[in-house]
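Asks: This is the structure, below, for whatever I ask next.
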């Protein structure tokens, strides 16, 4: 069933952040003898970065972009599967750092790679109902990949934050509708106190990623009475370069629609940040009137699909924050030994 | 590591908040009880500019206890655009690329951790401007 | 106010005293001072120390050391002003005797750095700075010195080698000094080739950390008997943070303490025959020379480099090697300086002797120049 708001809710501001270190897939191959390149390179945190610092960076940019008073933000939700604390919210740190405390709701979401879009839906509901004026949803991760595992090539670090508001507040993209598709499908998981996740290898594909992403996308389009041709752009969760392209083609989107938001080849899979970063990169190039489809995927498993219609405000609002492309191009290559140091494989 | 001691300073460290003298307008960081310029005790919170210029800097290669895993790291004296000097780490840059006079902006980073079970302390550092 | 004299001095060799404790070291210096004075009469004790609370987890050094040297009952307490503790404690002792509160005061400094591993020692030294906004950045004490070191080079166009020469001169002076930790020469090439400690400061530009204790016995001056008179002691503070100084290359505390001491002793710079300055790194030695008024601002490195601070030069400086080569048992260092000036004035400095030394000055710095103690001694 499609989820629609009682009032028009839209994105008021958004911000992205990607750490500057990059590990090339070829470097992982050099160490472990592989030859595949699921992506070109992935982003890696500095020693003093974690999911919280990434969340704060994007939150600060989102506030700048939205040109709003932080005190007007009534909720801060952080979606992440790499919480620095098992118990203690990231959301409070973010809220404090942007100056949204103390009259603010704050919590963390976990749903593998789709925790960020879970936060979207909560924020949208809060704003639509009038409970809060603005709500902030963040997806940020410093994803873990076991050495030599397929995920080591792609598990990356980055995130994006979105502030939702209600018309007549100036919005840069309005929500047309959202659609969730969730089943109990254990394709990827990390048990408590484990450093690395495990996954079902090829089981993560057909019955997991593709089934959920395609079902959610199709469900939303059907309820909206739209088809791929009605969307200027589409963003699908990006665990590697192949999956989102294949999903797009299956549903009926061409490369032109997904290319602006396809950040994975040079950033990697930023998990809860992935769909949000792709959407941010898409909004960076979008024009008023464009319709954008965004579909996340979280293992375990589920997909959230959203349709946004870009507003005039996107052109009127001179931006104060760097676009996603700046973060993609801001990079420093590291070798596997420095990667191991930065990811706490020597000293935690 | 004292949790209350960290907690007391979080908002100032997270958001670069200093103080301004309500009598003479002098700005200070960190906060202080008495204005250095005019002696007034009437000071109020002042949000510092988050952008500035490196006045001088060094690379710490033999860090004190608690900072070992971050080495080597850069510490600089940065003159913010509102004229206040702050002592800060500069991140996302190699020592070879550092230059006196370079422009930097505030970043939010981890400062130190109380082992793997204790509290994580966050605060501001500076980095080359992202634009 | 009564005039005060140094009746006796005593100190240990500076080194890593693995087998000796804080108490052992303190007792060794104190008993030597009693022996030197020919009396163990004492009614008050000031213990100077910086790091025991951190490195040994030890406080209450006053009662502890009074008991250690068999002087239960006397007034005793610890004086702490970071690495200026020694100079500051000396001034407290002088005040006690001068005022008449006490007749016989022992001032003893002690420090045992070797009980800590380098990261602990570094954290302890950085305790002189604000833990919440200075040390919190991860900057070390040497790192702070490095910030001014670089700025000095950039502002005055001074070469790294000229500043580094301070270390070379210190090592030249330490040769033959029986209590020095590093009594050997070091070439400028070796200093410049040593690893970076905190750029642009090389490891061999930094004072080593050592263990040691130094003590002086003070009493009212008796013109007939006493050879070393305390002509002046002063203590001043300056900006605590490096970040809010009008000029980061000026230690206001040094200027102020020096002005007061010169005035109170009624001597001029040219009358100072021997000078002990606080060179925890080469740059603080250079800036100290300037702010004490021996050389113009910006000219300190050249002054040292051209030889004006050698034993035969215009201002013989750090005649037993200074912090760099004599060693730096932090809280005791100020008292080593005072003992060394006393040795010079007594003409008992052996191979380190400066000819006809009559007046000497010792300068002790706490933190990044935020406390300065200056002592001027005169031959009786």
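Each reported figure results from applying straightforward, stated rules to the coordinates on display, with no laboratory input. Since we're looking at a predicted model, the values are computed, not measured. Cβ sites come from the backbone with ideal geometry, for glycine too, and all protein chains shown count toward neighbours.
Asks: Using Cα pairs closer than 8 Å and at least 6 residues apart in sequence, work out the relative contact order for segment A:173-315, in percent.
Replies: Normalised by residue count, the contact order of segment A:173-315 is 37 percent.
Asks: If you don't mind, there's one more thing I want to ask. Would you compute, from DSSP H runs of 4+ residues alone, the mean residue ellipticity of the protein assembly as shown at 222 nm, taking -39500 (n - 2.57) per run and dividing by the full residue count, rounded to the nearest 500?
Replies: Rounded to the nearest 500, it is -9000 deg cm²/dmol.
Asks: Take every Cα-Cα distance within segment A:173-315, group them into 10 Å bins from 0 onward, and report for each bin the whole-number percent of pairs it holds.
Replies: Going from the shortest bin to the longest, the percentages are 12, 44, 32, 9, 2.
Asks: Which of C:116, C:210, C:367 moves most in a GNM of chain C, Cα contacts under 10 Å?
Replies: C:116
Asks: What residues of segment A:170-198 lie in the reach of a label at residue A:31, counting those whose backbone N is under 15 Å from a point 7 Å from the Cα along Cα→Cβ?
Replies: Counting only backbone N, you get A:196.
Asks: Rounded to the nearest 10 degrees, what's the angle between the helix A:242-251 long axis and the longest principal axis of chain A, both from Cα atoms, 0 to 90?
Replies: 40 degrees
Asks: Would you please give the FRET efficiency between residue B:47 and residue A:206, computed as 1/(1 + (r/R0)^6) with r the Cβ-Cβ distance and R0 = 51 Å, to the nearest 0.05? Mind dumping the intermediate values first?
Replies: On the way: r = 52 Å, r/R0 = 1.03.
Efficiency, from the Cβ-Cβ distance: 0.45.
Asks: Pick from A:134, A:85, A:153: which is most flexible by mean-square fluctuation in a GNM of chain A where alpha carbon atoms under 10 Å apart are linked?
Replies: A:85
Asks: Can you tell me the Rg and Dmax of segment B:3-128, counting just the alpha carbons, in angstroms?
Replies: Looking at segment B:3-128, its Cα Rg and Dmax stand at 15.7, 46 Å.
Asks: Here's something else I'd like to know. Given 0.36 nm per residue, what is the gain on full extension from residue A:131 to residue A:85 after removing their alpha carbon distance, in nm?
Replies: Numbers: separation 46, 0.36 × 46 = 16.56 nm, distance 2.88 nm.
Length gained, residue A:131 through residue A:85: 13.7 nm.
Asks: Tell me the label-point distance for the pair residue C:314, residue A:182, using the 7 Å Cα-to-Cβ offset, in nm and rounded to one decimal.
Replies: 8.1 nm
Asks: Where does helix A:211-224 land angle-wise versus the long Cα axis of chain A, in degrees 0 to 90, nearest 10?
Replies: Tilt of helix A:211-224: around 10 degrees.
Asks: Next up: Can you give the mean number of other chain Cβ atoms that lie within 10 Å of the Cβ atoms in peptide A:324-330? Kindly include the intermediate steps, with their values, before the conclusion.
Replies: Working: counts 0, 0, 2, 1, 0, 0, 4.
Mean number of neighbouring Cβ atoms from other chains: 1.
Asks: What is the distance in Å between the Cα centres of segment A:308-337 and segment A:273-289?
Replies: 9 Å
Asks: At residue A:312 and residue A:285, where each label point lies 7 Å from the Cα along Cα→Cβ, what is the point-to-point distance in nanometres?
Replies: Inter-label distance under the simple model: 2.6 nm.
Asks: Mind giving me the nanometre distance, one decimal, between the label points for residue C:271 and residue B:117, set 7 Å out from Cα along Cα→Cβ?
Replies: 6.5 nm
Asks: Output the relative contact order of chain C, whole-number percent, from Cα pairs under 8 angstrom with separation of 6+ residues.
Replies: It comes to 26 percent, rounded to a whole number.
Asks: Still on this model: So which residue, out of B:74, B:120, B:27, gets the largest mean-square fluctuation from a GNM of chain B using Cα contacts under 10 Å as springs?
Replies: Judging by the Gaussian network model, the answer is B:120.
Asks: Using the alpha-carbon centroid of each, what span in Å lies between segment C:30-98 and segment A:132-186?
Replies: So the two Cα centres are separated by 64 Å.
Asks: Let me ask you something else. Between segment C:330-371 and segment C:115-185, what's the alpha-carbon centroid distance in Å?
Replies: Going from one Cα centre to the other spans 19 Å.
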